[in-house]
Amino acid sequence: MNLCCCCYGSASPGNGSSNLCYSRRYSSSFFARIDDFFLLLPPSSSRVHPGFKLKYGNSYSVISMTNPNNRPGISLPLLLKTLESQPVEDFTNEMIDSLVTDLTPKEQTVLLKKQRGWMRALHLFRRMKSAMDYPPNPIHYNVILRTLGKAGRWDELRLCWVEMAKDGVFPTNSTYATLMDIYGKAGLVKEALLWLKHMKSRGLFPDEVSMNTAMQILKDARHFDLGERFFRDWCAGKLELEWLDFISDGFVDSAVISPKHFLLTELFKSGGRGPVSQIASSQDKGPQKPKRAATYNTLIDLYGKAGRLEDASEAFSEMLRSGVIPDTLTFNTMINICCCNGRLLEAESLLSKMEERGVQPDTKTFNIFMTYHASNGDANNVLRSHRKIREYRLHPDVVSYRIILQTLCKMKMVSEVEAVLVEIMESGCRVDEQSIPVVTKMYISEGLLDKAFIFLEKHCSSGDISSKNCAAIIDLYAEKGFWKEAEDVFMRKRNLGCKMDVLEHNVMIKAYGKCRLYDKGLELFEMMRCTGPSPDECTYNSVIQMVAGGDSPGKAKEILSQMRRSGFIPRCESYSAIIASYGRDGELSDAEEIFREMKAMGVEPNEIVYGSLIDAFAESGRINEAVEYYRMMEKSGVTTNHIVLTSMIKAYSKVSRWKEAEVLYAMMKNSLEGPDVIASNCMINLFADLGMVHEAKSIFDDLRRSGNADGVSYATMMYLYKSIGMLEEATYLAQEIQQSGLLTNCSSYNSVMASYADYGKLKDCGELLYQMLSRKMLPDDSIFKTIFNVLKKGGLPSEAISQLESSYTEGKSHARQAVIASLFSVVGLHGFALKSCESFLSSDVELESFAYNAAIGAYGAAGEVDKALNLYLRMQDEGLGPDIVTYVNLASCYGKARMIEGLKRIYSLLKYEEIEPSESLYRALIHAYKEAGRGDLAQLVDQDMRFNAQYDIQVKDE
């Protein structure tokens, strides 16, 4: 009796288990580990059938393989697991002989397929071949050929092919299909298809599997016509291969033939040839039709990728007529073709037919519909298709989750996105890496930076995200100006010790440059040079443009030299950035030096380079050099664009050469794009300087009609109208620009305010200033210059204006608020004036006299006399004595309150020279007495002011 090592040495009569093998009573999954297997051995067992030793851990155990006729013994899964735990080199000849004699050929095939790594599989196969009873097996050769091909081991594959011929093993259709498949997947299309020639030379006609493999290769290589031709020839029983000459051989260097191309040299020297009778019969094939769904699937997909929808439909119909049952892949292919051609109704009809025929849709079916709807921006149908996956009791895969996340993120449905993320995690999957930047972008665009941080911490904590996607995330933060968050993503991966690609460094440098953190960008660049990764061409170009943009052309030039020494040729954009930077600094000789170096390096200047030089010389008033570069550009054949023409118009306008400028402007008008607003504004400005009203107005009217007039256009025309005394027209334009929404900066606001001031519309100036402040736009020096002009026109005492101007010029605390409050008060916007006063009166900063004076004047003008007088007392408490401006404001307050004694006290101080004589104060007293109903006293002060011999004051009659 043969017993395996699992059984008892001898069975007791009557126990009913004399021939029972324990390995047959327990499933293979029960033996999760070899230790469990040996636990079944009874302690008293001493009889072990001779077998072979398998090493497990540090010990060897004997496992018996019984007679193949009975075939009780160890299960194949357990054998595979045991073999996996030890090197193949440790197999003894006895073990190999047992594998050959005690395993069926099918089990041997499984054993070879399951080996990890091509070396183990090849070594085991050769050891098996050396066994005494091993018969040559073409299937085993097919397995090894596929294993070597997938691993790209072309030397070993060639040797295996030679060994196959020596062993007298004839390659079968399966062998050729295997070889074509592995060569095709390696991108060697012609080499893959040359195996068809080898088949023909050996007298072997391709079976359907081989034919389908070849057609699949032609389809993937986009040789659609050749694929169809091969299919039709096969159906007609022919094997015409002349079309192989139309396919590229894929060699990098035709002079060097690598082992993977041995087919072209050694192929026909080896390999068995079948009997002559077999060769003759193999070439005599009659018409035939495919019988496998896989063949029709390939043909349908080929037509679909070729854009031949009708042929694909006909192939599908032919499949049905031939009695070949379509499978899920067939329907998926047809549905995908319909969706790619925008035929949604036909695709949905196919889904219905699929269900009618009892073919179960899979997840890919609905992914196709989701992809179609997502490409059309139809979020609702994407969600509906996604729900159907669950309705059909299927599970979403990586593609499903990727599409649904992209759709929900695009719609900014944050809660729904988070629900999908939870679902992915609960299913035991990971968020697809391509979806990580998509979700991060949604959080960033919604301002949810904390959630973005938590999401990245959760899904990128190991740092194994690819460089491409990591760079994409950094760029998302950089585009929004969140350089610190971008830096955190960069540093997180680096601190985890993960390999950092040059792409991530380049994007981080770009982020620093975008946020004007030039020092940090340079620091990262220097670190790359010292510790890696080595800067590439993109790195250098980015750093050069970053530094040049930061107005450091000297440093940019230095890095340019480093780039050249590293063997890289700078891009035209890098040279252009340095030239433009030198041009902005007025260092025109350096700009020209870079231009000459650029030409010497063989980098042809483009219109941007010429435009930068022309513009720089034009700004400097060096019109001759600007014209010279313009002519040089024309000779070089570079297309003259609007930027260059605008620069030239600007250059001519600097020297008032309006005829030359007009010629260039006419060229722009005759182009398809027409003149741009910058060039038009230059022409308006040129004509305005020359007083050519009609010409300027004509261009301006063209801009208005086309809707291209901007704030500069209006400002220039308003300047022109004011310069020739057409104040009404200037004011009309000011109102038009205010209503058009073109007031976007201080310059545009100032031009309108100045027009209003010139025309005496002072209150409109105040309202415009308040609008500006409401938009959180801080007035600049030009605005304040206009404000002081309005204060003068509004009648504010000259002493008060001088006091405010000096405080503003010296940059004193609250000077700007005091000036603005005074403006609002003068133009009668008292509510705005008092609001401005409160902003500095409530501060903790100690106030100076000018601030108190502005506030007393504003409260007094608004009729808030009590508050004004209280401020005067507060001013005295802080040790600030009154000055002329204070007395002027007090006189106004006393007059409004009819406080005659207060007025007399101020007049007394003035009369007895305790206050410096001032026309402003005299006039303030006269006005106050009149407001208090004491015209007699007003007349007295007026006489005193007029006839006071001590002062030579020119007084106008009121």
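Applied to segment 470-481, the Karplus parametrisation 6.51 cos²θ - 1.76 cosθ + 1.60 on θ = phi - 60° returns per-residue 3J(HN,Hα) values of 4, 5, 5, 5, 4, 5, 4, 5, 4, 4, 8, x Hz, with x for Gly and Pro. Extension gain for residue 704-residue 639 works out to 20.5 nm (0.36 nm per residue, less the C-alpha to C-alpha distance). For residue 793, project a label point 7 Å along Cα to C-beta. Then give me every residue of segment 819-854 with its amide nitrogen under 12 Å of that point. The answer is 827. One quarter of the convex hull surface built on the alpha carbon atoms of segment 362-449 amounts to 5.4 nm², the projected area averaged over directions. The three principal axes of the Cα atoms in segment 304-424 give end-to-end lengths of 51, 28, 20 Å, sorted in falling order. Label-to-label distance for residue 830 and residue 565 is 7.4 nm, based on points extended 7 Å past Cα in the beta-carbon direction. The calculated FRET efficiency for the pair residue 425 and residue 76, based on their C-beta separation and a Förster distance of 35 Å, comes to about 0.45.
In this structure, the residue pairs whose Cα-Cα separation is over 26 Å, taken from 81/106; 493/520; 514/776; 557/654; 106/129; 410/480, are 557/654.
Highest mean packing comes first when the peptides 678-685, 370-377, 851-858 are listed by Cβ atoms within 10 Å, giving 851-858, 678-685, 370-377. Stretching the chain fully between residue 450 and residue 735 yields a gain of 98.0 nm (0.36 nm per residue, less the alpha carbon separation). Over all other residues within a Cβ to Cβ distance under 13 Å of residue 674, the charged ones net out to -1, with Lys and Arg as +1 and Asp and Glu as -1. In straight-distance terms, cross-link reach from residue 150 covers every one of the aspartates and glutamates whose alpha-carbon lies under 18 Å from its own, apart from those fewer than eight places away in the same chain; here that gives 181, 191, 220.
Rounded to 0.05, the FRET efficiency of the residue 201 and residue 601 pair, given R0 = 51 Å and the Cβ-Cβ distance, is 0.35. With just the Cα atoms defining each centre, how far is segment 653-678 from segment 749-767? Give it in Å. If you average the Cα positions of each part, the centres end up 32 Å apart. Computed from the C-beta positions of residue 912 and residue 724 and an R0 of 60 Å, the FRET efficiency is 0.70 to the nearest 0.05.
Tally Lys/Arg at +1 and Asp/Glu at -1 over every other residue whose Cβ is under 9 Å from the Cβ of residue 910; what's the total? Charge balance near residue 910 sits at -3. Of the two radii for segment 468-534, the radius of gyration is 0.93 times the Kirkwood radius, both from the alpha carbons; that is the Rg over Rh value. Rounded to two decimals, what ratio of Rg to Rh does segment 842-958 give with C-alpha atoms and a Kirkwood Rh? Reported Rg/Rh (Cα atoms, Kirkwood Rh): 0.99. By the scheme Lys and Arg +1, Asp and Glu -1, what is the net charge of all other residues having a beta-carbon under 12 Å from that of residue 634? Cβ neighbours under 12 Å give a net charge of 0.
Extension gain for residue 901 to residue 673 (0.36 nm times residue separation, less C-alpha to C-alpha distance): 74.6 nm. Looking at segment 581-662, the pairs of alpha carbons with a distance over 22 Å make up 18% of the total. Could you state, as a whole-number percent, how many of the C-alpha pairs of segment 767-918 are farther apart than 28 Å? Across segment 767-918, Cα pairs with separations above 28 Å total 17 percent. Ranked by the mean number of other Cβ atoms within 10 Å of their residues, highest first, the peptides 166-175, 207-216, 747-756, 728-737 fall in the order 747-756, 207-216, 728-737, 166-175. Each peptide among 648-656, 154-162 gets the average number of other Cβ atoms lying within 10 Å of its residues, and from highest to lowest they stand as 648-656, 154-162.
We did not get these values from a lab; they are worked out from the coordinates using the rules stated. Note that the structure is a prediction, hence the values are computed from the model and not measured. Backbone-built Cβ (ideal geometry, glycine too); neighbour counts: all protein chains shown.
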